[in-house]
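The values are calculated or read from the model by the stated rules, or taken from the named source; none is laboratory data. Model, not experiment: these values are computed from the prediction. Note that we place each Cβ from the backbone using ideal geometry, even for glycine, and neighbour counts take in every protein chain shown. Areas reflect the complete protein model, heavy atoms only, side chains present, ligands, DNA and RNA absent. Shrake-Rupley method; radii C 1.70, N 1.55, O 1.52, S 1.80 Å.
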2 protein chains.
Amino acid sequence: MVTRERPTLEAVARRAGVSRATVSRVVNGSTSVAASIREAVNRAVEELGYVPNQAARSLVTQRTESIALILPETANRVFSDDLFFPAIIRGVGGELEAADKQLVLMMAGSAKSHDRVERYAVAGHVDGVMFASMHGADPLPGTLVRLGIPVICSGRPIGDSSVPYVDVDHFGGVCSAVRHLVAAGRRRIATIAGPQDMVAGIDRLAGYRATLEDSGLAPHVVIGDFTRESGIAAMRALLADDPALDAVFVASDMMAHGALLALKDAGRRVPSDVAVVGFDDFDISRYSEPPLTTVRQPIVEMGRTMARQLLGLINGEPHQADAVVLPTELVIRESA
Amino acid sequence: MVTRERPTLEAVARRAGVSRATVSRVVNGSTSVAASIREAVNRAVEELGYVPNQAARSLVTQRTESIALILPETANRVFSDDLFFPAIIRGVGGELEAADKQLVLMMAGSAKSHDRVERYAVAGHVDGVMFASMHGADPLPGTLVRLGIPVICSGRPIGDSSVPYVDVDHFGGVCSAVRHLVAAGRRRIATIAGPQDMVAGIDRLAGYRATLEDSGLAPHVVIGDFTRESGIAAMRALLADDPALDAVFVASDMMAHGALLALKDAGRRVPSDVAVVGFDDFDISRYSEPPLTTVRQPIVEMGRTMARQLLGLINGEPHQADAVVLPTELVIRESA
DNA sequence: CCCCTATGATTAACCGGTTAAGTTGAGCCC
DNA sequence: GGGCTCAACTTAACCGGTTAATCATAGGGG
């Protein structure tokens, strides 16, 4: 493995017959370099195939040109069944690429890796940190903010108002979903809620409760964990509790798919016996049996927005919004 | 944004009453440091909350402790419908975390970003590079290898035998799948193949052709692109060509799901009228209607193996295998 | 008792850039 | 022509580590 000698600034300078400082200025596009010299330097750069050494540059600029995306799950759980993180990565990746920043991916499930993430960020290995969808009241984002590290969360952080975030309008989306069910004449509307240690789970349940109360209907809640399996189990539990239910709002498409399977298994027809509405609008909901009415949340756009906000923070742009909330939208298909 | 002063080696050295060099040796776990001094240094490190500056370290060691994973698709296509990349990331991520290396994610769809990746790797920003599932005969991996940069591909690279890779036994998996169909008495066995600029597409089609020939049956091929939509379209085309076909091997689960939808739409029953076998064993195949018989490939394990092989290369371990091929396995459910 | 060696610490050079401060020289004005 | 300004370049200090070379000290052998 012969890691070939790479040319340094010094080499370029010698070849172009100027000083290191001048080459540096040319490379960084500074003004106040005579056109003739600039050309000579550029030619030397070209001929030698010079590429700046990022480590050396970082050492003095205190910038790494890379940002971390923290996925607060163990590496094993992330991606197992979930289409959320991939979509976030897609949005973030596109935006960072355009800004010529590198994306460093970190999983932070265990307490040990949680530490690792903190040390890594504090050590200045990245210019900023983004947290994707957190559980519970994680103190890490707040800690980093207090240390002066630019941070953005996806999803309003629980219990720490000092951390800027990007989220979607869970509440509003759920309200329009549940109102849709009410308007269709459904009266026994249950819900399969998400985990209650995540904002997405909490807010969607709150939206359900509020709308039901407005309509003078009684709530009927079972909690799931956003997986298809939990959707199946939760649907069975709901049916056991209330065999006469005529609708269910499910807090994620994956669980909704599980619910559809369980309903079919129980001999219920969708939507004639039981109407089903999901939340996410993943591909899968277009192809489920029947196609799923669901609340679309713009996950890729959320990733993009997070990246944009973070880049703004890093560049010290003023008047950065502390929170950005993206709209959700009810997509009506056949299940309700 | 008050990026707080971080303590340096110098500060720790002063506090512990020793030289910088000694602190460096303690931090890097070198032997030949007296226990008493080691303790004093460690205490100082603790008290000051010292974390080494990676840029400074990289500058001298020529190591960055991070490795790149290249996803050779545009940021927009990756993850749109595909569960392959997430699984690779999961495997790679776990293994790298254990080795305390950072994962830098790069999308390399456009020619421009292709360049960017090359420059980035050549600039020594990463200690090694992994390519996930490539299209066509991409020269980049070979280029990097020739420059002395450790590289591993997922999937045998087309047209460049100098690049080490990790792959699965596409051919063997497909053979057992098609033999299973033949053994069940199917005689008009079609296939929906994958893109023919990818090894996964090519090898799976080759396996199909070989097994069919062995059995004295006639092949019937339509090409898809691994998406569900292409599976739907391909299945329709196959049925139009040969309404009497009694089985189809589909080169990916996503396309197989599309095929199931198209078959249902055409009024065919699965498996009684038409048997269907997929390839991948994604979650979705357990829950399709009917559950999908498919060839399981260990994608997460592939990611893990790639990471392990790359780490071996980076550490200059001898006798590194040039190729690792992981086994596939036929998972029989209800569709065939 | 002296010299040699082993052990463990320090000194100082170096990695490859950026940038403040200093130098040079051309152009302008009186 | 001399002094001043200003643009354009060079010099040199610095970022924060690693490590080869060097030095100090204690212990052991003759």
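Residues of the range A:84-124 that are at pLDDT 85 or above, within 7 Å of another protein chain (Cβ to nearest Cβ) and more than 19 Å from B:Asp82 (Cβ to Cβ): A:Gln102, A:Val104, A:Met107.
Among the residues of the range A:201-226, the ones that are open to solvent by less than 20 Å² (accessible area, probe 1.4 Å) and farther than 18 Å from A:Arg236 by Cβ come to 7 in all. Determine, yes or no, whether A:Gln309 is assigned by TED's automatic domain parsing to the domain that holds A:His135, crowded, with 16+ Cβ neighbours inside 10 Å and not small (Gly, Ala, Ser). For A:Gln309, the condition - assigned by TED's automatic domain parsing to the domain that holds A:His135, crowded, with 16+ Cβ neighbours inside 10 Å and not small (Gly, Ala, Ser) - is met.
Kindly establish whether A:Arg209 is part of a loop (DSSP other than H, G, I, E, B), charged (D, E, K, R) and out of contact with any Cys (no Cβ under 9 Å at 6 or more places or on another chain). Criteria not met by A:Arg209. Within the range A:290-306, can one find any residue that is open to solvent by 10 Å² or more (accessible area, probe 1.4 Å), more than 26 Å from A:Leu105 (Cα to Cα) and in contact with a His (Cβ under 9 Å, 6 or more places away or on another chain)? So far as the range A:290-306 goes, no, none of its residues is open to solvent by 10 Å² or more (accessible area, probe 1.4 Å), more than 26 Å from A:Leu105 (Cα to Cα) and in contact with a His (Cβ under 9 Å, 6 or more places away or on another chain). Please give the number of the condition B:Val18 fails out of (1) buried (at least 21 other Cβ atoms within 10 Å of the Cβ); (2) at pLDDT below 90. Looking at each condition in turn, B:Val18 falls short on (1). Annotation: A:Asp81 fulfils all but one of (1) farther than 20 Å from B:Tyr120 by Cα; (2) among the acidic types (Asp, Glu); (3) modelled with pLDDT of 90 or more; the unmet one is (3). If you go through the range B:96-112 and keep only what is closer than 23 Å to A:Leu71 by Cβ and part of a helix (DSSP H, G or I), you end up with B:Leu96, B:Glu97, B:Ala98.
A quick yes/no check of all residues on (1) part of a helix (DSSP H, G or I); (2) hydrophobic (A, V, I, L, M, F, W, C); (3) modelled with pLDDT of 95 or more:
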{"residue": "B:Phe249", "(1), (2), (3)": "no, yes, yes"}
{"residue": "B:Lys264", "(1), (2), (3)": "yes, no, yes"}
{"residue": "B:Arg269", "(1), (2), (3)": "no, no, yes"}
{"residue": "B:Ser272", "(1), (2), (3)": "no, no, yes"}
{"residue": "B:Met306", "(1), (2), (3)": "yes, yes, yes"}
{"residue": "B:Leu313", "(1), (2), (3)": "yes, yes, no"}
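Does B:Val27 meet the test of being within 9 Å of DNA strand C (Cβ to nearest atom), open to solvent by less than 60 Å² (accessible area, probe 1.4 Å), among the aliphatic types (A, V, I, L, M) and at pLDDT below 90? Taking the combined requirement at face value, the residue does not satisfy it. Out of A:Asp253, A:Asp225, one residue alone is under 19 Å from A:Asp280 (Cα atoms) and within 14 Å of another protein chain (Cβ to nearest Cβ). It is A:Asp253.
Among the residues of the range B:114-136, count how many are under 17 Å from the mean Cα position of the chain (by Cα) and in a loop (DSSP other than H, G, I, E, B).
Looking only at that region, the number is 5.
Against the condition charged (D, E, K, R), closer than 17 Å to A:Ala259 by Cα, surrounded by fewer than 24 Cβ atoms within 10 Å (Cβ to Cβ) and under 30 Å from the mean Cα position of the chain (by Cα), how does A:Asp197 come out, does it pass? Judged against the criteria, A:Asp197 is not a match.
Any residue that is touching a residue at least 40 places away in the same chain (Cβ under 8 Å), assigned to a helix (DSSP H, G or I) and polar (S, T, N, Q) - is there at least one of those in the range A:174-187? There is at least one residue in the range A:174-187 that is touching a residue at least 40 places away in the same chain (Cβ under 8 Å), assigned to a helix (DSSP H, G or I) and polar (S, T, N, Q). The set of residues in the range B:31-76 that are more than 15 Å from DNA strand D (Cβ to nearest atom), at pLDDT below 90 and facing chain A (nearest Cβ under 9 Å) comprises B:Leu71, B:Thr74, B:Ala75, B:Asn76.
Scan the range B:147-168 and give yes if some residue there is assigned to a helix (DSSP H, G or I) and in contact (Cβ under 8 Å) with a residue 24 or more places away in the chain, otherwise no.
No, every residue in the range B:147-168 fails to be assigned to a helix (DSSP H, G or I) and in contact (Cβ under 8 Å) with a residue 24 or more places away in the chain.
To keep it simple, each residue is scored yes or no on (1) open to solvent by less than 10 Å² (accessible area, probe 1.4 Å); (2) touching a Ser or Thr at 6+ places or on another chain (Cβ under 8 Å); (3) at positive phi; (4) hydrophobic (A, V, I, L, M, F, W, C).
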residue: B:Gly159; (1), (2), (3), (4): no, no, yes, no
residue: B:Pro164; (1), (2), (3), (4): no, no, no, no
residue: B:Leu181; (1), (2), (3), (4): yes, no, no, yes
residue: B:Thr191; (1), (2), (3), (4): yes, no, no, no
